[in-house]
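Structure record follows, encoded as structure tokens.
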Amino acid sequence: MAEGKKEQQLIGGEIERSKAEDLLYKMVLTRTFEENALEMFALGKVHGTMHVSIGQEAIAAGAGPALKEGDYLLNTHRGHGHFLMWGGDLNLMMSEFLGKENGYCRGRGGSMHIADVESNNLGAQGIVAGNLPISVGVGLSIKIRKTKQVVLTLFGDGAANEGAFHESLNMASIWNLPVIYLCENNQYAMSMAFERAFRIEQISDRASAYGIKGLTVDGNDVIAVHQAVREAADRAREGQGSTLIEAITYRYQGHSKSDRQLYRTRDEVKKWMKKDPIPRFAKLLDIDEEGFNKIEEKAKVDIKNAVDFAENSPEPELSTIMEGIYA
Amino acid sequence: MAEGKKEQQLIGGEIERSKAEDLLYKMVLTRTFEENALEMFALGKVHGTMHVSIGQEAIAAGAGPALKEGDYLLNTHRGHGHFLMWGGDLNLMMSEFLGKENGYCRGRGGSMHIADVESNNLGAQGIVAGNLPISVGVGLSIKIRKTKQVVLTLFGDGAANEGAFHESLNMASIWNLPVIYLCENNQYAMSMAFERAFRIEQISDRASAYGIKGLTVDGNDVIAVHQAVREAADRAREGQGSTLIEAITYRYQGHSKSDRQLYRTRDEVKKWMKKDPIPRFAKLLDIDEEGFNKIEEKAKVDIKNAVDFAENSPEPELSTIMEGIYA
Amino acid sequence: MREISYMEALREGLRQSMEKDDRVFLIGEDIGIYGGAFGVSAGLLDQFGPERIIDTPISEAGIAGACVGASVTGMRPVGEMQFSDFVVLAMEQIVMQGAKMRFMFGGKAELPFVIRLAGGSGTGAAAQHSESLENWFVHVPGLKVVMPSSPYDAKGLLLSAIEENNPVMFFEHKLLYKMKGDVPEEMYTIPIGKSKIVREGKDLTVIATSIMVPRSLEAAKILSKEGIELEVIDPRTLKPLDEEPIIKSVIKTGKALVVHEAVKTGGFGGEISAMIMESEAFDFLDAPVRRLAGLDVPIPYNRNLEYHAVPQVENIVEEARKIVQNIY
Amino acid sequence: MREISYMEALREGLRQSMEKDDRVFLIGEDIGIYGGAFGVSAGLLDQFGPERIIDTPISEAGIAGACVGASVTGMRPVGEMQFSDFVVLAMEQIVMQGAKMRFMFGGKAELPFVIRLAGGSGTGAAAQHSESLENWFVHVPGLKVVMPSSPYDAKGLLLSAIEENNPVMFFEHKLLYKMKGDVPEEMYTIPIGKSKIVREGKDLTVIATSIMVPRSLEAAKILSKEGIELEVIDPRTLKPLDEEPIIKSVIKTGKALVVHEAVKTGGFGGEISAMIMESEAFDFLDAPVRRLAGLDVPIPYNRNLEYHAVPQVENIVEEARKIVQNIY
Ligand SMILES: Cc1ncc(C[n+]2csc(CCOP(=O)(O)OP(=O)(O)O)c2C)c(N)n1
Ligand SMILES: Cc1ncc(C[n+]2csc(CCOP(=O)(O)OP(=O)(O)O)c2C)c(N)n1
Ligand SMILES: [Mg+2]
Ligand SMILES: [Mg+2]
């Protein structure tokens, strides 16, 4: 019994140990997946573009698990981590990434549109802020159906300057919708630095323009993100409406594969790498080098297996090209 | 000499007496014009729709005259007052209203698009908030040309919930553009009450979301509006960027001709009528009933003459229908 | 049968849909106590309350987004663009999200929403309140486009659109709102994707949409006195288009005229004309298919110019006569 | 002559325009230090500084509004939509303001701005980054629409577009950016509204736009070996359309095929087809004008499906052969 209790100790007062260990694994898995993806691009194995979240894994690790089954996710273009934290299957995800028929979207969507409607994961997004108006509809739908679900809507700092941000937050506010707006402020929208695109200190300050709660948290701290999202979800479920959470983080890699990163210095990147969320969370979990190596090894094996799975999966038949447009 | 000095006394510390008298006249003229227009509609003399500003005349009277020649105006659908205060010619305005060839827009625009580009009056607007992104361009143009002009951009409370509002204010802020955003908060967007569409106390509070100055003034007080706009213009000319001014006022008439006004009570309208800006400004100017009657008489005569002028003006020739599309 | 107006027919369709299916709700600007800018939803707030008749701030992208998000999570929203012109502010949500989501997700999502749009000129509302933009949406895979021209069709097509499991752009015409016609009281549906021969004739096939249907029928009456018999076809659904009745008719008449209000250049008339050309009707054409459509001009405010900017009865008469008499 | 890429040609056009006329400035997302998502504006920030190469927040309506407002007050802005798809967010400013303002103001305003848009599929960017939306703008009075298919045209048309006193939608194609070709170093203009016969032939007139021009030329080479000679015409300007050379060519060949990447339904091909039908070429048609265009599908991510969603060389070959050999 004593041991059992210890098992259920809440890490950082928020997350059960077993769950936390799984999250750490998934953070490592996300990073491994994305590093592997970058390699596959370099080797020409995949086409199109993709956006990796290396350095930002804590947000996904903190956010998704703070919600309940039945809640909704509206993801972004930089959303592999969120997809995995939402319970996404690595193999089917890899298949989608390689454009295979058994991928989540039958190979039609790819990284930028990967979705799993069955688990209320309403998809990644190719249009910056494109998911923000949608979250109004999801919120309304919950309100009308009276189901106590909540929506987690992700977006970047850049998205917060689209008109859609404004309309969405105002509508969610006046109707008291259960939407959690989680802004991943990774300091840049492509080449546009936060300081150049905003003349305010914090994006969360914009919450006051809509009369909703706003707060800024350390986006490299799994616990801080978890707590903020969990509390926002609690409020939303109690009918207290929307919250704007800004999670401060940093993207280590280029915006997409073609980014030469002239807009920042190597030093700046290095400075942020010292705040890497993965070792930080591992430390919080008291996981030593050996333990961590094991996790990394497992992630590598899982990725390799997923690549094998996906590579051996069938391509969509050309004859099916017109399928799935209309119901 | 002493008398001359008295003549130049500043009403409310802001406006020279002779100018103020002209403003009062133009406020009365605006109202007379609009009352007459409502009648013409009722008689079926004009087609289309129009939006009257009866009850809101103080904003136009305070704003336009606070600016200088060469400054720009971006007007709204409820902009007859602003058009007149910007120096619009009543006859040509009436001609436009009746769709005549000698109207400001050759009869192509009507009340909703009336413009006089020559005097930097860049037109009324049929799309709510449609002028807000345009003001970014005008502001940029001034900045690049280094001409110390400013732009006065008008819009209603309803417009402040369009995405365009957000993008515009943010861009004007980060680039420090000389734009004066003047929001005429007349409590309603068509049938949508301010309290239903916003969950904040004041629209001007949104200025902080962009890091610009915001303030709310009594929109039925010519002097208060004048002062706010003049100061905003001064700041803009000194390179201190944009200001969001909210002017609180009220619309007495329906939104447009087809409005049955079920969304408000007669009592509410009456309450506001007690704060009517025209008698209030007349009182400030120490104009007695007799003096005021004279002003009204003159306005009526001017309107009658303008109607005669417009009615006797030629219609556009059908053969010219394809003119004016391309330069 | 009972006669009611196009507007009343739409209102009845909305009411009956909402009574039948509590997943249906309406969302738009001033649709509640105001009853909609053109009165279509008058009275519905009283019956259904503010949770199902949702007045919005002036946020067209938000309205469309509300439709996308609510529909993909199981509701059946009907959004309104107060004037069809304002859809320019909702294109991203409609075209990039609503239209493509099902496909992008591998066919695993359903988006049963309707966007109602009040279109067309003729009310003196000038260039920003008078557009006919339907062909933009015909060009977008994933959408359906419907355009009723009579009270009967308005109700039946609206009921179908609301039952449809795909996004439907439903274009109404301001000048038709007051048009009266026979409309059954009970619920009935008109299948989406079915055109209608509204008048039979042997001399010329006129394919007309929306308000151009009653105008073409008037033109037909006039020409009939001269011995010219127009066959008038209303596609009713622009996408997907019911091609066969058009092709058959053209095979019969040997001649065709497409009439729409939207600007001719880049408009739906080109689609119809090209479709006829590519069909087996080509070999039966005695004259080229012609288009009579809006001039390439923004709608002018002036009443006379506005009138002449789009096809009127007399223009249809003249054009049809010319084609039939081969005086081109 | 010197060979440079389509992208370099555009960049040179931008640079020379800016050197010549200090009213010209560029505005868009990541066009400064990043050099534009496709590199078109690389290096221009260094030369012209941040006051004339303006990086914006992600605010497409704001970018378009900046063009409208700056142009009507005397500047000559060139805005960029990073991917042409994002223009869905700028429709109001382009269509309701920029296109109509001059007309609504009685012809008393000038709006000399250009919107550059990177369009087209073929890069694996899926449904929201691969659209070809040009026909939407062809349908809008007040706009001009340009679509260069070669480095030479890209530069010459861009210089014209910037000198033009009307709003111009300038559609580039992502897959053309690396295409090389002869481009004079000096400034030169290609008139807007002039098409080009890019290959002469007697058997079939192919009217192709953008990337379909090089694809049609390749197809022509292949067919030439079979004795079939295609005449390939590139309208270059879609609005206003230079009809006469097309009509003349069809009179000569008796057959026509329109090829574009955009979805066929509701697309520009219908306009061309209908225009030919309505012209004096009708009487010379030995076969119906046909359209070969994008399938009615959002662009799929999968490489093979993406490839087959739009016309490729082999499809053009096959279609052209069928028409010429009358095997429809
Ligand atoms: C409407 C729109 N505009 C521009 C783009 C191109 N784009 C894709 S991601 C991106 C930057 C987004 O920045 P941010 O919102 O901060 O997210 P991050 O990439 O940093 O995660 C841009 C400009 C787009 N996809 N959609
Ligand atoms: C984009 C857009 N949406 C809706 C409308 C219809 N409309 C015209 S004025 C108006 C209300 C505007 O309210 P507000 O901004 O407060 O200005 P007011 O009319 O009160 O002066 C509406 C909904 C429009 N013209 N444009
Ligand atoms: Mg970012
Ligand atoms: Mg208002």
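The values are calculated or read from the model by the stated rules, or taken from the named source; none is laboratory data. Owing to the predicted nature of the structure, the values given are computational and were not obtained by experimental measurement. In this analysis, Cβ positions are derived from the backbone assuming ideal geometry, glycine residues included, and neighbour counts consider all displayed protein chains.
Please verify whether A:Leu73 is away from ligand 2 (no atom under 16 Å from the Cβ), among the aliphatic types (A, V, I, L, M) and farther than 26 Å from A:Phe41 by Cβ, treating the condition exactly as stated.
Working: away from ligand 2 (no atom under 16 Å from the Cβ): yes; among the aliphatic types (A, V, I, L, M): yes; farther than 26 Å from A:Phe41 by Cβ: no.
Considered against the rule, which asks whether it is away from ligand 2 (no atom under 16 Å from the Cβ), among the aliphatic types (A, V, I, L, M) and farther than 26 Å from A:Phe41 by Cβ, A:Leu73 comes out as no.
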Listed by first then second residue, the pairs whose first member lies in the range C:31-45 and is closer than 12 Å to B:Asp259 by Cβ, whose partner is among the aromatic types (Phe, Trp, Tyr) and in a loop (DSSP other than H, G, I, E, B), with beta carbons under 7 Å and at least 6 positions apart or on separate chains, are C:Ile33/B:Tyr263; C:Tyr34/B:Tyr263
Note on the range C:251-265: residues out of contact with any Lys or Arg (no Cβ under 7 Å at 6 or more places or on another chain) and closer than 13 Å to C:Thr209 by Cβ are C:Val259, C:His260, C:Glu261, C:Ala262
Q) Is at least one residue of the range D:62-73 touching a helix residue (DSSP H, G or I) at 6+ places or on another chain (Cβ under 8 Å), assigned to a loop (DSSP other than H, G, I, E, B), within 16 Å of ligand 3 (Cβ to nearest atom) and among the polar types (S, T, N, Q)? A) no
Here the residues within the range B:102-147 that are more than 9 Å from chain D (Cβ to nearest Cβ) and among the charged types (D, E, K, R) are B:Lys146
Restricting attention to the range B:181-206, the residues that are over 22 Å from the mean Cα position of the chain (by Cα) and touching a residue at least 40 places away in the same chain (Cβ under 8 Å) number exactly 2
Note on the range A:195-215: residues of a type in the set (Lys, Arg), facing chain B (nearest Cβ under 9 Å) and not in a helix (DSSP H, G or I) are A:Arg199
If we take the range D:76-187, then helices (runs of 4 or more DSSP H) inside it with 2 or more residues that are over 26 Å from D:Gly266 (Cβ atoms) are D:101-104, D:151-163
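Go through the residues of the range A:239-257 one by one and say whether even a single one is touching a strand residue (DSSP E or B) at 6+ places or on another chain (Cβ under 9 Å) and on the phi > 0 side of the Ramachandran plot. I'd like the intermediate steps shown before the answer.
Initial filter on the range A:239-257 (touching a strand residue (DSSP E or B) at 6+ places or on another chain (Cβ under 9 Å)): A:240-251, A:255.
Keeping just the survivors that are on the phi > 0 side of the Ramachandran plot gives A:241.
Within the range A:239-257, one or more residues are touching a strand residue (DSSP E or B) at 6+ places or on another chain (Cβ under 9 Å) and on the phi > 0 side of the Ramachandran plot.
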With the first residue restricted to the range B:79-105 and required to be closer than 15 Å to D:Gly107 by Cβ, and the second required to be of a type in the set (Asp, Glu) and outside any loop (DSSP other than H, G, I, E, B), Cβ contacts under 7 Å at 6 or more apart or on different chains are B:Gly103/B:Glu96; B:Tyr104/B:Glu96; B:Tyr104/B:Asp116; B:Cys105/B:Glu96
Residue check: is D:Ser216 surrounded by fewer than 24 Cβ atoms within 10 Å (Cβ to Cβ), on the phi < 0 side of the Ramachandran plot and hydroxyl-bearing (Ser, Thr, Tyr)? no
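Taking the criterion of being closer than 27 Å to D:Gly107 by Cβ and free of Cβ contacts under 8 Å to residues at least 60 places away in the same chain, would at least one residue in the range D:200-213 satisfy it?
Taking the range D:200-213 as the starting set, the residues that turn out to be closer than 27 Å to D:Gly107 by Cβ are none.
No, there is no match, as no residue in the range D:200-213 is closer than 27 Å to D:Gly107 by Cβ and free of Cβ contacts under 8 Å to residues at least 60 places away in the same chain.
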Residue check, D:Phe86 surrounded by 24 or more Cβ atoms within 10 Å (Cβ to Cβ), within 14 Å of ligand 1 (Cβ to nearest atom) and without any contact (Cβ under 8 Å) to a residue 40 or more places away in the chain:
yes
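In the range B:262-315, which helices (runs of 4 or more DSSP H) lie fully inside it and hold 3 or more residues that are closer than 24 Å to B:Leu10 by Cα, touching a residue at least 60 places away in the same chain (Cβ under 8 Å) and of a type in the set (A, V, I, L, M)?
Here the list reads B:277-284.
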If we take the range B:1-111, then helices (runs of 4 or more DSSP H) inside it with 3 or more residues that are closer than 22 Å to D:Met104 by Cβ are B:17-42, B:80-85, B:90-97
Within the range A:292-319, residues being surrounded by fewer than 14 Cβ atoms within 10 Å (Cβ to Cβ) and either modelled with pLDDT under 95 or over 19 Å from A:Asn91 (Cβ atoms) (or both) number 5
Checked the range B:157-195 for anything of a type in the set (A, V, I, L, M, F, W, C), more than 14 Å from B:Gly214 (Cα to Cα) and near ligand 2 (Cβ under 9 Å from one of its atoms); matches are B:Ala159, B:Ala164, B:Ala189, B:Met190, B:Met192, B:Phe194
Among strands (runs of 3 or more DSSP E) completely within the range C:197-260, the ones holding 2 or more residues that are within 14 Å of another protein chain (Cβ to nearest Cβ) are C:237-239
Being charged (D, E, K, R), more than 7 Å from every other protein chain (Cβ to nearest Cβ) and crowded, with 24+ Cβ neighbours inside 10 Å narrows C:Glu92, C:Glu12, C:Glu19, C:Glu80 down to just C:Glu80
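Within the range A:160-177, does at least one residue satisfy the condition of being away from chain B (no Cβ under 12 Å), crowded, with 24+ Cβ neighbours inside 10 Å and in contact (Cβ under 8 Å) with a residue 12 or more places away in the chain? Before the answer, list the steps.
Quick first cut of the range A:160-177, residues away from chain B (no Cβ under 12 Å) only: none.
No, the range A:160-177 contains no residue that is away from chain B (no Cβ under 12 Å), crowded, with 24+ Cβ neighbours inside 10 Å and in contact (Cβ under 8 Å) with a residue 12 or more places away in the chain.
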How many residues of the range D:50-61 are facing chain B (nearest Cβ under 7 Å) and in a helix (DSSP H, G or I)? The answer is 1
